[in-house]
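Since the structure comes first, as structure tokens, the remarks are kept for the end.
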Amino acid sequence: ELTSSTSLQLVERSIVNEQFTIERDRGFGVQGGLGANNNFSYALGVYNGDGLNGTSVDSNLLYAGRIQLGIGGDDGKFNPNGQFATARAYEAVPNFAKVPTFIVGAAAATLPGLDCARKTPNGQVCQRVAELGFPQSNFTTLTGDINFKTSFFSVEGEYVGRWLSPDSGSQDTAYDQGFNVQSGVFLLPKTVELAGRFSYIDFDTGSGVVPPDTSVSNTSWAITPGLNYYLSRDHRWKVQVDYSFIRNTYT
């Protein structure tokens, strides 16, 4: 989600992003960079929790934060207007690094007392709450990601875990998790790139989570190969094609 839609290495975002994203929300935050080259970046915020353009207002707010460390890169200038405020060399763009660059980040978000009848955060958390038959629930998510890129090769990985705890009733806390691995290699420098991604989601189907005689999501995975032609030798003008094979299973 932190990669701008203009800089995606594949045509669409992953099934993990579709399921777990919180995307955009309205609120207040602080952000900044530390170190000689702004190698360390941070952001903390409090948000409405009702998703993009949401208007519901109550005391149940969304709290979120992210930290990130970058090593290498060729530009330590801080960019406060990116998807995540950081040095330009460490922006979440998957490729086109001039020199070897390593980035590692972690983030967390929580919305206590989520009532999907009032608030609907982005992503599919409320669909999952409805599937499990939870009443009001405490929603928490934790993510970690790494990215290594050079002028001809890039690889990135992401893990996300999500806890949904019902406020009442006898059901246990559900822990859903997912990960992506994505990579690309230039067949022609800055012009033709072969890319691919594997995504996997494991939904909690424990007997204490799923009501009896109820069918719920079990796993979901996708394999996505792609081919890119960068007319401008960057992300400004490009032609991209990919194909996703997606398999969903249910209990």
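The values are calculated or read from the model by the stated rules, or taken from the named source; none is laboratory data. Computed from a prediction, not measured in an experiment: that's the story for all the values here. Cβ: placed from backbone, ideal geometry, glycine included. Neighbour counts: every protein chain shown.
The residues on offer are Gly169, Gly161, and the sole one that is small (Gly, Ala, Ser) and surrounded by 15 or more Cβ atoms within 10 Å (Cβ to Cβ) is Gly161. Within the stretch 191-207, residues that are farther than 30 Å from Ser151 by Cβ sit with their Cβ atoms under 8 Å from residues that are modelled with pLDDT of 95 or more and of a type in the set (Ser, Thr, Tyr), at 6+ positions apart or across chains, in these pairs: Ile201/Thr219; Ile201/Ser220; Asp202/Thr219; Phe203/Thr219; Phe203/Ser220; Asp204/Tyr175. Only one entry of Gly65, Gly51 meets the criterion of being closer than 22 Å to Val160 by Cα and touching a residue at least 60 places away in the same chain (Cβ under 8 Å), and that entry is Gly51. Every condition in (1) buried (at least 16 other Cβ atoms within 10 Å of the Cβ); (2) in contact with a Leu (Cβ under 9 Å, 6 or more places away or on another chain); (3) not charged (D, E, K, R) holds for Val241 except the one numbered (1).
Checked against the criterion of being of a type in the set (Gly, Ala, Ser) and over 23 Å from the mean Cα position of the chain (by Cα), the stretch 184-193 has no qualifying residue. Exactly one residue out of Val216, Val192 is β-branched (Val, Ile, Thr), modelled with pLDDT under 95 and over 27 Å from Ala106 (Cα atoms): that is Val216.
Residues in the stretch 183-238 that are in contact with a Pro (Cβ under 7 Å, 6 or more places away or on another chain) and buried (at least 19 other Cβ atoms within 10 Å of the Cβ): 1 in all. Of all residues in the stretch 159-172, those that are of a type outside the set (Gly, Ala, Ser) and assigned to a strand (DSSP E or B) total 6. Can you tell me which residues in the stretch 115-150 are of a type in the set (Asp, Glu) and under 24 Å from Asp213 (Cα atoms)? The one that is of a type in the set (Asp, Glu) and under 24 Å from Asp213 (Cα atoms): Glu131. Can you go through Phe134, Phe152 and tell me which one is at pLDDT 95 or above and in contact with a Pro (Cβ under 8 Å, 6 or more places away or on another chain)? Within the list Phe134, Phe152, the selection yields Phe152.
Counting just the residues of the stretch 197-249 that are of a type in the set (Val, Ile, Thr) and under 22 Å from Leu187 (Cβ atoms), which one comes out farthest from the chain's Cα centre (by Cα)? Step by step, filter the stretch 197-249, then rank; the result is Val239.
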